[in-house]
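For reference, the structure is listed below as structure tokens.
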Amino acid sequence: MMDYEFKVKTAAERVKVEDWFDYEGCKVGRGTYGHVYKARRKDGVPNPTNGRNDNRDYALKQIEGTGLSMSACREIALLRELKNPNVICLQKVFLSHNDRKVWLLFDYAEHDLWHIIKYHRAAKASKKSVMVPKGMVKSLLHQILQGIHYLHDNWVLHRDLKPANILVMGEGPERGRVKIADMGFARLFNSPLKPLADLDPVVVTFWYRAPELLLGARHYTKAIDIWAIGCIFAELLTSEPIFHCRQEDIKTSNPYHHDQLDRIFNVMGFPLEKEWEDIRKMPEHPTLLKDFKRTNYANCSLIKYMDRHKIKPESKAFLLLQKLLLMDPTKRITSEQALMDPYFNEDPVPTSDVFAGCPIPYPKREFLTDDDQVKEEKTENKMQQRPPQPQQNVQNQQQNQVHQQQQGQNQGNNGPTDPKRIRMGHPHQGQNQSGMDQNNSGHQSGHGHQGQNQGGGHTHGGSGGGYMNSGHQGHQGQGHQNHGQAGGHMHPSGNSMMQQHYHQQNQNHQNQNQNQGFGQRF
Amino acid sequence: MAGNFWQSSHCQQWIVDRQDLIRERQNDLQFMSEEEHQKILIFFCNFMQTLGEQLKLRQQVIATASVYFKRFYARNSLKCIDPLLLAPTAIFLASKVEEFGVISNSRLVTTCHQVVKSKFNYAYAQDFPYRTNHILECEFYLLENMDCCLIVYQPYRPLVHFVQDMGYEEQLLPTAWRMVNDSLRTDVCLLYPPYQIALACLMMACVVMQKDTKSWFADIGVDMEKIQEICRYILSFYDLTKNYDEKKEAQALLAKMPKPKTQPSREENKH
């Protein structure tokens, strides 16, 4: 029973999202997580923190479904505590009691790596150049690492890092700053009340998923996030998802994923026992031995893969990438070590504005209508294959941006004389590569379909993620729900002795009568 | 978060001043003594503990729920929401935040029914009166009232850490652990940081188990004044429970609670 007066009083104090913000018709994202709107404070509603008028843009996320789902709870609980320049900041939570909707207010980030990479891919395919500062990839990586270091330092695992979840701020006081987003699945991992795999069986999108997860590891670790960062780094350097794989049978109830592992081995080579000793302890190791032949990958290595993408094996970028993408999770570099890497001391050094003051070539987010969703899904698919007009649906509000972008390109045509500005991902050459370079390793036994599916695949890769990615529902959501648990148990490399002990304590506690305090006994 | 208590919402918003706590309670204290008020809160902590155990939740979840419960009544009268509704709501919310996995609504309500009937019939003659929709509605109010601060730091982890550092782990930890559980029935979780509560419980455990660890406490350089304050709270709880039979007194105590009014009262209409 609730008191009437109490209800009246709290209702009077409660701020309604629609009273403070204009957002109607401004939807910029749609996915399994809900709807995201670009919002402004209404006229005459000052910012409560400083009492001033406020014409900044905000992102308003209406969480899918009603009430407080577990992931909504976690998102609110974690974001409420997190404060770091490279992690998205939760400004306010609106609870709408009538329709039981939950709204989260964030700062607005105009860009994200999924859109940025997509833009570069499209440009590459149409042999156009995109002019960005030479150090942009390095600045992006540096800030991603800083954000993840903060999260890891605070015992938070992201668990779903992918380009769509890496936001970049547009024009404004935080121009060009990376914000790590979509912490919905993040979890505090120093309280292992339950094996992680029991809760969210499948979390990381396959392309960014570390090999130990694909082999049935039951615990998420910091190293799993680091692998994903390695994948994103490679994708920034080449504009291609390094472990691209068709992803139709995402509904499988097993974390073991043959095609994805095949793709990883095609790039990396098959791991040697001495490179990854504990691979034998992985739950799916027997399946691995049964399904794969080392000799099929004899000619594969990260060096060769990156070399084909014009990243030289002796470059500092490559050396760091290699440390991020180590197969053995215990040998993988930590975010802290990565931040100290010589790559970041080499010129050009990272900048806090990843665009380094240069014009931002990427279009602003488009507003979606409900029809658009379907349409966009289709155009995106096509664009992957015939991408010459990335600006097809540009709306009025984006005209500006287009001009800017053209300007950028014009300047770029004077390019070679401008040492600061060079095509992203190709620091060593001005000439564009053509083709998608998907199945370049030559070991595609039974995977002739890969090439066909790459467009759709990429589209899906963006879904379900970032707070405003124009994603597409379906596969991913199902993936999360239907993936069951594979048996076996892998000891978490990230857990200290103390944490394990704590876990034990907890268990004792439940089995015995420790739940009772002295109070009941005295 | 787990890494940094000092920057947490727990530390910055939810370590409250004792005077504020007393002031907020004045409304309820018109109807009952301070001791009776404390006994009512203890009753509902026991209820959450039993409910949690019945649901096979871990102590961490129950402890977090207890803190939510206390936070709500630190700022609101017992009249605002019936504690018998808030208690399962706190358990429900805590189980999601602590990632135990979502308890199904129906299981929660069914378990409430069972627990009231079988374990708390000395306090309640009637059935558990609430349904899922009441709990879901209440959850929004609880979250709102806590200003969405859901991560709660508990003394258990620092306790384990301290005991390991001190030695005598096997003798001391079980005793100190139970004292931490008992501390949930006092106000200390609203007044002191969890590591201080852990130290206080550890100190009392040392006394009970007759371990001389004065030098260890001297070495860690903690404010012993605070530790002793916490000890006094917990000891006074033990004192209170010595001659207290909840089974006999519960009904009378609950009868004294100011009850929510679901309709506007007549006086209000006049206003």
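The values are calculated or read from the model by the stated rules, or taken from the named source; none is laboratory data. What you see is a predicted model, and the numbers here were worked out from it, not measured in a lab. Neighbour counts are summed over all protein chains in view; Cβ atoms, including those assigned to glycine, are modelled from backbone coordinates with ideal geometry. When the accessible area is computed, the model is the full protein with side chains, heavy atoms only, and any ligands, DNA or RNA have been set aside. Shrake-Rupley method; radii C 1.70, N 1.55, O 1.52, S 1.80 Å.
General observations
- Neighbour cut-off at most 11 other Cβ (10 Å), DSSP loop, GluC sites (Glu not before Pro), the range A:10-71: A:24
- Split the accessible area of chain B by element, probe 1.4 Å, and carbon with sulfur accounts for 47%.
- Restricting the range A:53-155 to trypsin sites (Lys or Arg not before Pro) that sit in a DSSP loop and have at most 13 other Cβ atoms within 10 Å of their own Cβ leaves A:56, A:83, A:127.
- Crossing angle, helix B:194-208 versus chain B [Cα axis fit, 0-90 degrees, rounded to tens]: 70 degrees
- The mean count of C-beta atoms from other chains within 10 Å of the C-beta of residues in A:84-95, rounded to a whole number, is 1.
- Per residue of peptide B:91-99, the mean number of Cβ atoms on other chains within 10 Å of the residue Cβ is 5.
- The solvent-accessible area of residue A:340, taken with every protein chain present and a 1.4 Å probe, is close to 150 Å².
- Pairwise FRET efficiency - residue B:119 versus residue B:169, Cβ, R0 = 25 Å, nearest 0.05: 0.15
- Computed on protein heavy atoms with a 1.4 Å probe, the accessible areas place B:157, A:30 in the order B:157, A:30, largest first.
- The heavy atoms of residue B:5 present about 20 square angstrom of accessible area, all protein chains included, probe 1.4 Å.
- Filter on B:119/B:248; A:61/A:179; A:83/A:134; A:162/A:222; A:312/A:364 - keep pairs with C-alpha separation over 22 Å: A:83/A:134; A:312/A:364
- For chain B, the longest principal axis of the C-alpha atoms and the axis of helix B:83-97 are separated by about 50°.
- Estimated inter-spin distance, residue A:43 and residue B:222, nm [label 7 Å along Cα→Cβ]: 5.9 nm
- Less than 5 angstrom separates the built amide H of residue A:157 from those of A:187, A:189, all sequence-distant by 5 or more or on a different chain.
- Average partner coverage of A:126-136, which counts Cβ from other chains inside 10 Å: 0
- Residue B:11 contributes an accessible area of around 30 Å² to the protein surface, as traced by a 1.4 Å probe with all chains present.
- On Cα atoms only, tilt of B:18-29 relative to the major axis of chain B in degrees: 30 degrees
- Sparse-neighbour loop sites [trypsin sites (Lys or Arg not before Pro); the range A:259-332; at most 13 other C-beta within 10 Å; DSSP]: A:274, A:293, A:331
- Loss of accessible area when A meets B, both sides summed, Å² nearest 100, probe 1.4 Å: 5900 Å²
- Mean Cβ count within 10 Å, highest first, over the residues of peptides B:35-41, A:41-47: B:35-41, A:41-47
- Shape class of the range A:84-160 from the alpha-carbon gyration tensor: oblate, with a/c at 1.5 or above and b/c at least as large as a/b.
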